[in-house]
Amino acid sequence: MRLRLKTVIPSCLALAALLGGALVYAEADKTVLLSVDGETREVHTFAGSVSGLLEEEGIDVDSKDTVAPDPSAELTEGQKVAVRNGRLVSVTVDGQSREVWTTATTVDEALEGLGLRGDRVYASASRSKRIPLDGLTLEVRTPKNVTIVADGVSQTVVSTMGTVGALLGQYDVALSATDEVSVPLATRPTDNLVVTVVRVTTREELVERTVGFGKEQRPDATLTVGTSKVLQAGVNGSVIDVYAVQVRDGVESARTLVETRPGAAVVNQVTAVGTKPRPAATVAVASTSSSGLNWAALARCESGGNPRAINPAGPYYGLYQFSLSTWRSVGGSGLPSDASVEEQTYRAQLLYNRSGRSPWPHCGRYL
């Protein structure tokens, strides 16, 4: 019996040792969920801490990465461990550039982290795009309220376009090469910016202008001195001035003379002017009158006895060289040189009765 007892006791001890080892192994082996950048898998591990698990899995982390729970935390059965690797994003927001480290795995998450929320925010990459571990370059434009004034209409729009030129194109404000915009087209839109478009066009305008005819005189020996004859009537001509007219928003703002084109031809007036001497006229004037005045002597002194004489200096006309005003003051009409000798002498008598010899300061002594 003793012998059997001795045999049984060691066997029991060996079984107990085996069972105890199995219990220790079972306690060390854990099943945990490991998530790296959003990709989750089930992992069996003997590690007692989060950092031990990461070491077993060959995952290196630094200050730019995030681990939850903390790497120093104890690892337990069924626990979830999340690792987010840091990524360098070079981001330009409304023209301002900076570099940001983020653990976001998509562009949408990165925008959320930067506080750039909303569907109206423009990003140069798709929001669903995954950010690679070596980083990403991203342009972001936030919506701006801009007022466009064009074609007599003012409208306030919301846009994320990078330039004023692109913004105008977005809202179908077409520009010609001559239109003027209040800010350069390459300007980056800012909130509450006002962009004014002035439509500038240039049209051609023709203006006809009258050109007066000239006058030509041709000597004519067949006509007596003091007479003339129109040989060719004058006709006004014209020229056409061509203007470049600038119009700003429908209102003329400037005009420039570009050229002058010939229009209707000018026809000058041609007049024949007599050069034939007047025949000497016989003065049928009595040497004296009933009043005892010698009108013939006065006529010889004033006009050489020519009743048709004309002195352009005055002008003075006829036998007694009347001025037109004096002639008319004594009742004469027309030209004195066209009147008969008798009428001229009669009018001279009236003038003498009124003013004496004074109208003939040089020849009056012959009366």
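The values are calculated or read from the model by the stated rules, or taken from the named source; none is laboratory data. None of the values given here were measured: they were computed from a predicted structure. Because the Cβ atoms are built from the backbone with ideal geometry, glycine has one as well, and the counts that use them run over all protein chains shown. In case anyone asks, the SASA skips ligands and DNA or RNA and just uses the protein heavy atoms, side chains included. Shrake-Rupley method; radii C 1.70, N 1.55, O 1.52, S 1.80 Å.
When Thr76, Thr40 are checked against the criterion of being in a strand (DSSP E or B), at pLDDT 90 or above and open to solvent by less than 90 Å² (accessible area, probe 1.4 Å), a single residue qualifies: Thr40. Taking the criterion of being touching a helix residue (DSSP H, G or I) at 6+ places or on another chain (Cβ under 6 Å) and under 15 Å from Lys80 (Cβ atoms), the residues of the range 33-61 that qualify are Thr45, Ala47.
A count restricted to the range 241-262 and to residues that are assigned to a strand (DSSP E or B) and surrounded by 14 or more Cβ atoms within 10 Å (Cβ to Cβ) stands at 9. Would you point out the residue of the range 126-143, among those that are over 18 Å from Leu167 (Cβ atoms) and not in a loop (DSSP other than H, G, I, E, B), that is least open to solvent (accessible area, probe 1.4 Å)? Only one residue fits best here, namely Leu138. Considering each residue of the range 110-125 in turn, at least one proves to be assigned to a strand (DSSP E or B) and open to solvent by 50 Å² or more (accessible area, probe 1.4 Å). Residues in the range 327-367 that are aromatic (Phe, Trp, Tyr) and out of contact with any Cys (no Cβ under 9 Å at 6 or more places or on another chain) were compared, and the one that is surrounded by the most Cβ atoms within 10 Å (Cβ to Cβ) is Trp327.
Per-residue answers, yes or no, for (1) in a strand (DSSP E or B); (2) without any contact (Cβ under 8 Å) to a residue 24 or more places away in the chain:
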position: Leu185; (1), (2): no, yes
position: Arg203; (1), (2): yes, no
position: Leu206; (1), (2): yes, no
position: Ser238; (1), (2): yes, no
position: Ala265; (1), (2): no, no
